[in-house]
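What follows is a single structure, written as structure tokens, with notes after it.
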Amino acid sequence: MAQINENFLKIPATYLFSEIAKRITQHKEANPTAPIIRMGIGDVSLPLPDASVDAMIKAADEQRNAETFRGYGPEQGYAFLREAIVINDFTSKGINIEEDEIFVSDGAKSDTGNIGDIFDVNNRVAITDPSYPVYVDTNAMAGRAGEPSVTGEWTNLVYLSCNADNNFVPALPTEKVDLVYLCYPNNPTGTTLTKEQLAVWVEYAKANKVILLFDAAYESFITEENVPHSIYEIEGAKEVAIEFRSFSKTAGFTGTRCGYTVVPKQLMGYTKSGEPVALNKLWNRRQCTKFNGTSYIVQRAAEATYSPEGKLQVQALINFYTENAKIIREGLLKAGYTIFGGVNAPYVWAKAPVGMGSWEYFDYLLKEKNIVTTPGAGFGASGEGYVRFSAFGSRENTIEAMKRLEK
Ligand code: MLT
């Protein structure tokens, strides 16, 4: 008899964004002509940069000839992309990261979900609340989260509430933890930490042998000074942090799929007897066993985002969504909402009307305004009473949505 991993029975039956997609489909079936505007999942609406498409066409063409055809590539990513990442994302910013500390992947969702493979099931995990649901769900699947309570919170997770009262800056855990997920610029609240605020976490991690799992998927949307693009801007962070990056939101790769994870060589985990072990080696071993690398064609597309014309095209995409975020911020403020985020991130976090829960307000916006948002409660208990607006739509739809809300 094949027994299942019963942890799967404890997690919500559907993933947050699948549940939202289901509700949209139901609404569309009941109202086939409804002019639905999607501001829910952070999926981009603009096409890929030309530089990336050209690179993919060229790379695809290479597959016609035996001399240029590529079979299995390096599990860690091709040297051409790892080198481009190191030079453009780190060296140029004064951060010393080496090529063999970069692991190219099919995106930050997979990596933030899979990273748990290299950590013991008994580690205590702290998660900012609200947070990207992948962190909670994958720890629950692994059996690291304990049991879900009636409020949906897990018995073994430590929740670091981020709310208007603490200005969305998580307080350090008051109990012992081993792993902490931080995502900045934050999904879902769109808020950020300053360098000083992030340095507090690095110090804490150093003092307590804690590993920080830093999701920087939205770093390219930072507009303000003093907001770190990488945790490695903070001194000492290479001793305590793994960083996750993505080409999805930066360069429109949500469907193309490419990201990378940085695991510094000096970063150590510990055996039960306290022996240090390099996490870089463990992640490398994990990737070599379970992953055969991102496709060559996609890696060429990612490399092209660092070419001179690629950089300009990527910046144009980011500017476009940043302007959408501004339109959303201004529109929501005009309509009387209390809002957060949206300045250094493509998400605006809005308070639902008093007395209305997140899902209730989500349903109201869908049914009455034909606007899809993401209910804050789907990101954790502290998200209750909020909805998230994504700035990744078209300009026309973004403006139209704000008009509908003004009414
Ligand atoms: C989101 O909407 O939170 C993201 O698009 C989800 C993801 O990147 O997987």
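Please state which of the following conditions Val136 fails to meet, knowing it meets all the rest: (1) assigned to a strand (DSSP E or B); (2) aliphatic (A, V, I, L, M); (3) in contact (Cβ under 8 Å) with a residue 40 or more places away in the chain.
Of (1) assigned to a strand (DSSP E or B); (2) aliphatic (A, V, I, L, M); (3) in contact (Cβ under 8 Å) with a residue 40 or more places away in the chain, only one is false for Val136: (1).
Being in the same structural domain as Ala316 (by TED's automatic domain parsing) and basic (Lys, Arg) narrows it down to one residue among Arg70, Arg38; which is it?
Checking each option against the conditions leaves just Arg38.
Filter segment 106-130 down to residues that are in a helix (DSSP H, G or I) and away from the ligand (no atom under 16 Å from the Cβ), then give me how many there are.
Of the residues in segment 106-130, 3 are in a helix (DSSP H, G or I) and away from the ligand (no atom under 16 Å from the Cβ).
Restricting to segment 1-54, what's the tally of residues that are without any contact (Cβ under 8 Å) to a residue 24 or more places away in the chain, among the hydroxyl-bearing types (Ser, Thr, Tyr) and within 16 Å of the ligand (Cβ to nearest atom)?
Count: 2.
Quick one: Gly152 ticks every box in (1) exposed (fewer than 15 other Cβ atoms within 10 Å of the Cβ); (2) at negative phi; (3) not aromatic (Phe, Trp, Tyr) bar one, so which box is it?
For Gly152, the failing item is (2).
Results for (1) within 24 Å of the chain's Cα centre (by Cα); (2) closer than 16 Å to Cys162 by Cβ, shown as yes or no for each residue.
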{"residue": "Ala352", "(1), (2)": "yes, no"}
{"residue": "Trp359", "(1), (2)": "yes, no"}
{"residue": "Lys367", "(1), (2)": "no, no"}
{"residue": "Val372", "(1), (2)": "yes, no"}
{"residue": "Ala381", "(1), (2)": "yes, yes"}
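Given the criterion touching a helix residue (DSSP H, G or I) at 6+ places or on another chain (Cβ under 6 Å) and under 22 Å from Asp106 (Cα atoms), identify the matching residue among Val240, Val262, Val202.
Val262
Of everything in segment 173-203 that's assigned to a loop (DSSP other than H, G, I, E, B) and of a type in the set (S, T, N, Q), which residue is nearest to Ala237 (Cα to Cα)?
Step by step, filter segment 173-203, then rank; the result is Thr194.
Could you list, in sequence order, the residues of segment 253-264 that are touching a Lys or Arg at 6+ places or on another chain (Cβ under 8 Å) and within 16 Å of the ligand (Cβ to nearest atom)?
Gly259, Tyr260, Thr261
Of all helices (runs of 4 or more DSSP H) completely enclosed by segment 1-105, which ones contain at least 3 residues that are farther than 27 Å from Asn284 by Cα and among the small types (Gly, Ala, Ser)?
By residue number, 16-30, 50-62.
Hey, can you tell me all the residues within segment 381-390 that are open to solvent by less than 20 Å² (accessible area, probe 1.4 Å) and closer than 14 Å to Tyr132 by Cβ?
Gly383, Arg388, Ser390
More than 16 Å from the ligand (Cβ to nearest atom), outside the structural domain of Gly71 (by TED's automatic domain parsing) and open to solvent by less than 10 Å² (accessible area, probe 1.4 Å): is that true of Leu267 in this structure? Steps first, answer last, please.
On the way: more than 16 Å from the ligand (Cβ to nearest atom): yes; outside the structural domain of Gly71 (by TED's automatic domain parsing): no; open to solvent by less than 10 Å² (accessible area, probe 1.4 Å): yes.
Criteria not met by Leu267.
Based on what the data block shows, is Pro170 buried (at least 16 other Cβ atoms within 10 Å of the Cβ), away from the ligand (no atom under 16 Å from the Cβ) and not charged (D, E, K, R)?
Details: buried (at least 16 other Cβ atoms within 10 Å of the Cβ): yes; away from the ligand (no atom under 16 Å from the Cβ): yes; not charged (D, E, K, R): yes.
Against the criterion (buried (at least 16 other Cβ atoms within 10 Å of the Cβ), away from the ligand (no atom under 16 Å from the Cβ) and not charged (D, E, K, R)), Pro170 qualifies.
Within segment 328-348, can one find any residue that is modelled with pLDDT of 95 or more, within 30 Å of Asp120 (Cα to Cα) and not aliphatic (A, V, I, L, M)?
no
Looking at segment 192-203, can you tell me whether even one residue there is buried (at least 21 other Cβ atoms within 10 Å of the Cβ) and touching a Gly at 6+ places or on another chain (Cβ under 7 Å)?
Yes.
Out of the residues in segment 215-252 that are more than 11 Å from the chain's Cα centre (by Cα) and of a type in the set (S, T, N, Q), which is farthest from the ligand (Cβ to nearest atom)?
The extreme case among them is Asn226.
The values are calculated or read from the model by the stated rules, or taken from the named source; none is laboratory data. Computed from a predicted model, the values in this text were never measured in an experiment. Every residue, glycine among them, receives a Cβ derived from its backbone with ideal geometry; neighbour counts consider all protein chains shown. Surface areas here come from the heavy atoms of the whole protein model, side chains and all, with no ligands, DNA or RNA. Shrake-Rupley method; radii C 1.70, N 1.55, O 1.52, S 1.80 Å.
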